Amino acid sequence: MERLVIQGGHRLEGTVQICGAKNAALPQLAATLLSDEPLTLTNVPDLADIRSMLTLMEHYGVVVKGPAHATVTLDAAGARNLEAPYDVVRRMRATVLVLGPLLARFGSARVSQPGGCAIGARPVDLHVKALQALGATVSLDGGTIDARAPEGGLVGGRIVFPTPSVGATETAMMAAVLARGETEILNAARDPEVCDLGACLAAMGAQIEGAGTHRVLVRGVERLRRARHEIIPDRIEAGTYAVAAAITGGHLELTGARLEHLSAVGAALEAAGVQIWPTDRGLMVSRTGRLKGIDITTEPYPGFPTDLQAQFMALMSIADGASMIRETVFENRFMHVPELARLGANVTLQGTTAVVRGVERLKAAPVMATDLRASVSLVLAGLVAEGETVVNRVYHLDRGYEALDRKLVRCGARIRREDA
């Protein structure tokens, strides 16, 4: 098991290339199972979660060519409808996304309930609801989801989500593209990753309108075709490096990043005293003055993303005044608070709200990563903590950030990776 050793107090300057979005790539890899013709994806990030999904695709008989220069071609012509192995499924939640494609193409699917970060309850009930609305019979037995389409395949229907769910919206879209008739998805998640899945499916020949809005309309087709699609840049990675520039009082250009995907984050950073503006290549982020404490509430897109809450808390820990951070998406997403406290952060939890009182400086200490976004918040705090911070269990980082430590080092950070 590896750890990162960070010498704090170094200002970040330079350029960071933003990779393709993990949360866009994963459903698009699953969508390969919908077609017997190849799908080529470009701008695929090199991450542990991506490698796990590719392993799962190979388990189903998909032929994977790549990755080479972030381009992967997947051919599911000889795919088999097998049960997903628990050893792969337990590693991440996104494996549930194979459920819709398998059911739509083969008429049945059996998938173990997925694992991932322990940040709160993420039940599969909305995925089940979506498939049932298309005529499927779904049962949950012993940790396994068993879904069967009616004779003749799935049938278009009306799906109304009580709350926007990214994963369930993606499951509904992928299942509906091969269903007979028209499917209407209401209160759909509007995230850029959902919109990108819609663009990928459209390139494959699906008929989809409204992806990225609250109402998605899918007209089923008989089969999909060969396609090529470029994955959008990762807005969470971009937001993380924006916070890195802000917390160190640095100046970073984030090439490939899109400000339109980060409107709520950009507004929060500007309110806190950080400058952020678009360039020809991406985004520029800079801070020269003092940080100011502000309040944020995590919400479904286009609100402030829960995946940047921990990073923003690290930033607020050294801001002037007090901040309130309210988490409304995942109930266990404050597991980084005790570890930030070890570095000197002053955070008080009150249910789903954290009150952060800025301190003059953080001080280095050994800390333990508990999940993907919590781990990167500790790295950010370590960049400004006095002394040498040791972040343990950084395998979480490698699930969602490509070469994080190397990118930071190129911009002036003092970080080394070593065996624990």
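Every read-out reported here was derived from the displayed coordinates using simple, explicitly stated rules and does not represent laboratory data. Note that the structure is a prediction, hence the values are computed from the model and not measured. Here Cβ is always computed from backbone atoms with ideal geometry, including for glycine, and neighbour counts include all displayed protein chains.
A few remarks follow.
- The charge dipole of the chain, taken about its Cα centre with unit charges on the Cβ atoms of Lys, Arg (+1), Asp and Glu (-1) only, comes to about 280 debye.
- Each residue, ARG226 and MET324, gets one label point 7 Å from its Cα in the Cβ direction; the gap between the two is 5.8 nm.
- For the range 292-301, 3J(HN,Hα) computed residue by residue from phi via the Karplus equation (6.51, -1.76, 1.60; θ = phi - 60°) reads 10, x, 9, 9, 9, 10, 6, 8, x, 3 Hz, glycine and proline entered as x.
- Three-way shape label, the range 22-230, alpha-carbon gyration tensor, a/c 1.5: rounded
- Counted by neighbouring Cβ atoms within 10 Å, the residues LEU186, LEU291, LEU383 run from fewest to most as LEU186, LEU291, LEU383.
- Taking 28 Å as the straight-line reach from the Cα of LYS292, the lysines in range (excluding those fewer than 8 positions away in the same chain) are LYS363, LYS407.
- Residues PHE334, PHE161, sorted so that the one with the fewest Cβ neighbours within 10 Å comes first: PHE161, PHE334
- One decimal place: the segment VAL359-GLU58 gains 103.4 nm when fully extended, by the rule 0.36 nm per residue minus the C-alpha distance.
- The Cα atoms of the range 256-339 give a gyration tensor whose axes a ≥ b ≥ c have a/c of 1.5 or more with a/b no greater than b/c, which makes the shape oblate.
- Rounded, prolate or oblate (a/c below 1.5 giving rounded, otherwise prolate when a/b exceeds b/c) for the chain by Cα gyration tensor: prolate
- Computed from phi, the 3J(HN,Hα) profile of the range 40-53 under the Karplus parametrisation 6.51, -1.76, 1.60 (θ = phi - 60°) reads 10, 10, 10, 6, 7, x, 8, 9, 4, 5, 5, 5, 5, 5 Hz, with x in place of Gly and Pro.
- Cα-based helix-to-principal-axis angle, 192-203 vs the chain, degrees rounded to 10: 30
- Inter-centroid distance (Cα atoms) of the range 278-303 relative to the range 4-74, Å: 26
- Nearest 10 degrees, 0 to 90: helix 372-384 Cα axis against the chain principal axis: 20
- For the listed peptides 29-37, 300-308, 97-105, 282-290, a ranking on the average number of other beta carbons within 10 Å per residue, highest first, reads 97-105, 29-37, 300-308, 282-290.
- Rounded to the nearest 500, the helix-only mean residue ellipticity at 222 nm of the chain stands at -8500 deg cm²/dmol, with each DSSP H run of n ≥ 4 adding -39,500 (n - 2.57).
- The aspartates and glutamates within cross-link reach of LYS65, meaning a Cα-to-Cα straight distance under 12 Å and a gap of 8 or more places when in the same chain, are ASP75.
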